[in-house]
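Trainee: I'd like to ask some things about the structure below.
The values are calculated or read from the model by the stated rules, or taken from the named source; none is laboratory data. These figures come from a predicted structure and were not determined experimentally. Cβ placement follows ideal geometry from the backbone for every residue including glycine, while neighbour counts extend to all protein chains displayed.
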Amino acid sequence: MILGGDNKYMNKNNFNTPIKKMSRLLNLFLCSVVLGFSILLSPQPSWAYPFWAQQKFENPREATGKIVCANCHIASMPTRAEVPQSVAANSVFKTVVEIPYKKDLQEIGADGSKVPLQVGAVVMLPDGFKLAPQDRWTDEIKEETQGVYFTQYSEEQENIILVGPLPGDQNREIVFPILSPDPTKDKNINFGKYAIHVGGNRGRGQVYPTGEKSNNNLFTSTNSGTITSIETKEDGSQIINLNNEKGENLSQNIPAGTSLLVKEGDTIKSGSNLTEDPNVGGFGQLDTEIVLQSKARVIGLIVFFIGVGLSQIMLVLKKKQVEKVQAAEGI
């Protein structure tokens, strides 16, 4: 981390002279200024991806059940997941996250140009479940996950797995190879039913983590008045100048890539739409369940079913025997 530093920099021996102390303070000040200006003046589109959620939230799922990706990706779109109903202990299984959207769809990039959509996904597994080690991946899993890179949410949370951003046209289905825990070796894990939370995103967000709108958004007028002129800057952004009822000259900046719905001479009201809504992506989440099944319980259940089946057969045979005896005795 830029501002945190290694432990050796926090050692008291490094501040045993006024020069070193002043140098340290100056470095911290300069880093703070550079970081502050970079956040305020030039937010990058990649900041809307999981990096910022990892830095800001200890857990990506809020108490309300909302996954924090929805804070930046305001638009809602469906996400589907295929999860086995039950799995055995210490076994590898697949969780498939489906992120559907129309083929060949494009969106506005940060520079205003048209770019293909990218996708990402997060899978929040129960405690003890984690990404399966590659030496246990089958050939089928290796083929299905080619080009996909998995990361865990934090060093302490192996059960939360992130993927993305990835090219959307090649990754509408993302396969997560998961390793189930073994309750016989970990006393903190029990057999039973567990919840899994899945989130899937396609496209850029409408809000940067700093709170600013991205150009992938619908822009409305902040003032009422008559548009006097529209200026286009070198970077493609536009400035709408208007004159309000009080005769004041006001202006509003519109980022590059957006399509204006207004023109010079139009009279607009505060809150009226200035641009089209360019967003074609969105975020969706769902909750599902999985059962960590004990092999002994399965075997016991099978034995029970076999016993019940044999009992039914014996009862039918006994009934047939009684009917034959009764028929022989003329009853």
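Listed here are the residues, each with its yes/no results for (1) outside any loop (DSSP other than H, G, I, E, B); (2) under 28 Å from Ile74 (Cβ atoms); (3) hydroxyl-bearing (Ser, Thr, Tyr).
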{"position": "Lys246", "(1), (2), (3)": "no, no, no"}
{"position": "Asn253", "(1), (2), (3)": "yes, yes, no"}
{"position": "Gly257", "(1), (2), (3)": "no, yes, no"}
{"position": "Gly265", "(1), (2), (3)": "no, no, no"}
{"position": "Gly271", "(1), (2), (3)": "no, yes, no"}
{"position": "Pro278", "(1), (2), (3)": "no, yes, no"}
{"position": "Gln285", "(1), (2), (3)": "yes, yes, no"}
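Trainee: Scan the range 156-171 and report the pairs whose first residue is closer than 9 Å to Gln118 by Cα and whose second residue is of a type in the set (A, V, I, L, M, F, W, C) and in a strand (DSSP E or B), with Cβ atoms within less than 8 Å and a gap of 6+ or a chain change.
Mentor: Pairs that qualify, where the first residue is closer than 9 Å to Gln118 by Cα and the partner is of a type in the set (A, V, I, L, M, F, W, C) and in a strand (DSSP E or B), are Gly164/Val119; Gly164/Ala121; Pro165/Val119; Leu166/Val119; Leu166/Ile174; Pro167/Val119; Gly168/Val119; Asn171/Val119.
Trainee: Out of the residues in the range 125-135 that are surrounded by fewer than 16 Cβ atoms within 10 Å (Cβ to Cβ) and either among the small types (Gly, Ala, Ser) or in contact (Cβ under 8 Å) with a residue 40 or more places away in the chain (or both), state the one that is nearest to Asn201 (Cα to Cα).
Mentor: Across the range 125-135, the extreme among qualifying residues is Asp127.
Trainee: Six or more apart or on different chains, Cβ under 6 Å: which pairs go from a residue in the range 256-284 that's within 12 Å of Leu218 (Cα to Cα) to one that's among the charged types (D, E, K, R) and exposed (fewer than 14 other Cβ atoms within 10 Å of the Cβ)? Could you list them?
Mentor: Every condition considered, the pairs that remain are Ser259/Glu276.
Trainee: Right, something else. It is to be established whether one or more residues within the range 179-192 are of a type in the set (Asp, Glu) and modelled with pLDDT of 90 or more. Give the derivation first.
Mentor: Let us first name the residues in the range 179-192 that are of a type in the set (Asp, Glu), namely 182, 186.
Checking which are modelled with pLDDT of 90 or more leaves us with 182.
Yes - at least one qualifying residue is present in the range 179-192.
Trainee: A further question follows. Tally up the residues in the range 159-192 that are within 15 Å of the chain's Cα centre (by Cα) and either hydrophobic (A, V, I, L, M, F, W, C) or within 23 Å of Leu292 (Cβ to Cβ) (or both), please.
Mentor: 9
Trainee: Looking at Val322, is it over 52 Å from the mean Cα position of the chain (by Cα) and either closer than 30 Å to Val207 by Cα or in a helix (DSSP H, G or I) (or both)?
Mentor: yes
Trainee: For the range 154-233, which strands (runs of 3 or more DSSP E) that fit wholly inside it have 3 or more residues that are crowded, with 21+ Cβ neighbours inside 10 Å? I'd like the intermediate steps shown before the answer.
Mentor: Details: elements: 157-167, 173-179, 192-202, 225-232.
So the answer is 157-167, 173-179, 192-202.
Trainee: Within the range 260-294, restricting attention to residues that are among the charged types (D, E, K, R) and loosely packed, with under 12 Cβ neighbours inside 10 Å, which residue is farthest from the chain's Cα centre (by Cα)? Spell out how you get there, then give the answer.
Mentor: Going through the range 260-294, the residues among the charged types (D, E, K, R) turn out to be 263-264, 266, 269, 276-277, 287, 289.
Still in the list and also loosely packed, with under 12 Cβ neighbours inside 10 Å: 263, 269.
Values: Lys263: 39, Lys269: 37 Å.
Among those residues, the one meeting the criterion is Lys263.
Trainee: Looking only at the range 234-259, how many residues end up being surrounded by fewer than 15 Cβ atoms within 10 Å (Cβ to Cβ), out of contact with any Lys or Arg (no Cβ under 9 Å at 6 or more places or on another chain) and among the hydrophobic types (A, V, I, L, M, F, W, C)?
Mentor: Residues meeting the conditions: 0.
Trainee: Would you kindly identify the strands (runs of 3 or more DSSP E) lying entirely within the range 69-113 that contain at least 3 residues that are in the same structural domain as Leu131 (by TED's automatic domain parsing) and under 18 Å from Thr138 (Cβ atoms)? Full working, then the answer.
Mentor: Numbers: elements: 80-82, 86-88, 92-98, 106-108.
Passing ranges, in order: 92-98.
Every residue, every condition in (1) modelled with pLDDT under 95; (2) out of contact with any Ser or Thr (no Cβ under 9 Å at 6 or more places or on another chain); (3) basic (Lys, Arg); (4) over 27 Å from Lys193 (Cα atoms), yes or no:
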{"residue": "Pro50", "(1), (2), (3), (4)": "yes, no, no, yes"}
{"residue": "Glu58", "(1), (2), (3), (4)": "yes, no, no, no"}
{"residue": "Ala63", "(1), (2), (3), (4)": "yes, yes, no, no"}
{"residue": "Cys69", "(1), (2), (3), (4)": "yes, yes, no, no"}
{"residue": "Ala89", "(1), (2), (3), (4)": "yes, no, no, no"}
{"residue": "Phe93", "(1), (2), (3), (4)": "no, no, no, no"}
{"residue": "Asp104", "(1), (2), (3), (4)": "yes, yes, no, yes"}
{"residue": "Gly112", "(1), (2), (3), (4)": "yes, no, no, yes"}
{"residue": "Glu158", "(1), (2), (3), (4)": "yes, yes, no, no"}
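Trainee: Before we move on, is Thr288 outside the structural domain of Gly120 (by TED's automatic domain parsing) and either under 30 Å from Val97 (Cβ atoms) or among the β-branched types (Val, Ile, Thr) (or both)?
Mentor: No, not satisfied.
Trainee: Taking the range 115-124 as the search range and keeping residues that are part of a strand (DSSP E or B) and in contact (Cβ under 8 Å) with a residue 40 or more places away in the chain, which one is farthest from Lys56 (Cα to Cα)?
Mentor: Among those residues, the one meeting the criterion is Pro116.
Trainee: Given the criteria in contact (Cβ under 8 Å) with a residue 60 or more places away in the chain, among the aliphatic types (A, V, I, L, M) and assigned to a strand (DSSP E or B), does Leu292 qualify?
Mentor: Values: in contact (Cβ under 8 Å) with a residue 60 or more places away in the chain: yes; among the aliphatic types (A, V, I, L, M): yes; assigned to a strand (DSSP E or B): yes.
Criteria met by Leu292.
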